[in-house]
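Below: one structure, written as structure tokens.
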Amino acid sequence: MRLFVLTALTMLAFAANSVLNRWAVGSGHIGAVEFACVRVLAGAVMLMALVWWQRGGMGWPGLQGRVAGVGGLSAYLIGFSLAYRGLDAGTGALVLFGTVQVTMFAGALVSREVVPARRWAGAGLALGGLAVIAAPGAVAWGPLALMAVAGLGWGIYSLVGRGAVDPLAATAWNFLLSVPLVLALGAAVGVARPDAVGVLLAVVSGAVTSGLGYALWYAVLPRLGAARAAVAQLTVPVIAALGGAVLLAELPGLRFWLASALVLGGVALASLPYRSLTSR
């Protein structure tokens, strides 16, 4: 029961990032770039504090994968915030989730991993779901492309981070090293003055639903295993859609649920071990 509760809290945190970002940016409380700047700062402070508290210091995790990790994380943070100027919470989470999974699949091909037929089928279903979302007239192409960039960035970040010995420390350093990149973008485009609500939402997204959320995820992940972790993450776009409906009055339509069935079904097919699909 404790593992279930902790996992549920983690999935709520991940989904909340979409709702908080959409709430803050879509409602005009804060600009998209400003949201990303505050979020990365708050996340870096929280993660560094957690690592310092747990380990008594900040050991350098090494240069391996650091450039790709920082670049991928920065692309995710910036693309994510900019996309929510034009996407509702549920659609954004679904596009992000589907793009991450397709990126992970492409990474497996590039690294010449053995890819079973069901994983090909799962990737095809996920792509079909993304095509449903991207159909003409469904959503604006600009925000959709930006969320795809965010998903590509997070997918790259996930690929380079798979071999991390200490994923929490690696994430803390990546957040810290992403701060100059994100702030430089903010300085380049100009920063508007946000209101208190926008700053609060960005701080909560960075420190709580990102910083604490990632820390909790890394704590429960070894106990979940790959199969249950994959299943758990299937709930994130649905939770985000429900959160958007309740808090932001963004009611998902039939197109969203059809795309969700394709994307999440494809991810489940590609992610679950063969034995779990055939056992009773």
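Structure notes:
- For GLU250, the amide hydrogen comes within under 5 Å of the amide hydrogens of ALA245, counting only partners 5 or more places away or on other chains and with H modelled in the peptide plane.
- Inter-part distance where the range 228-251 and the range 192-226 are each reduced to a Cα centre, Å: 16 Å
- Simple Cβ-charge dipole of the chain, Lys/Arg +1 and Asp/Glu -1, about Cα centre, in debye nearest 20: 720 debye
- Neighbour net charge for PHE105 - beta-carbon separation under 15 angstrom, K R +1, D E -1: +3
- The structure-derived value of percent of Cα pairs over 36 Å apart appears in the list (i) 10; (ii) 36; (iii) 15 under the label (i).
- For the chain, built as a Gaussian network whose Cα springs stay under 10 Å, the top-fluctuating residue of GLN101, GLN64, GLN54: GLN54
- Within a Gaussian network of the chain (alpha carbon springs, distance under 10 Å), most fluctuating of ALA259, ALA232, ALA188: ALA188
- Considering only ALA24, ALA240, ALA108, the Gaussian network model of the chain with Cα springs below 10 Å gives its largest mean-square fluctuation to ALA108.
Read the figures in this text as sums done on the coordinates, not as results from a lab. Worth saying up front: this structure is predicted, and the values here are computed from it rather than measured. Neighbour counts run over all protein chains shown; Cβ positions are idealised from the backbone, glycine included.
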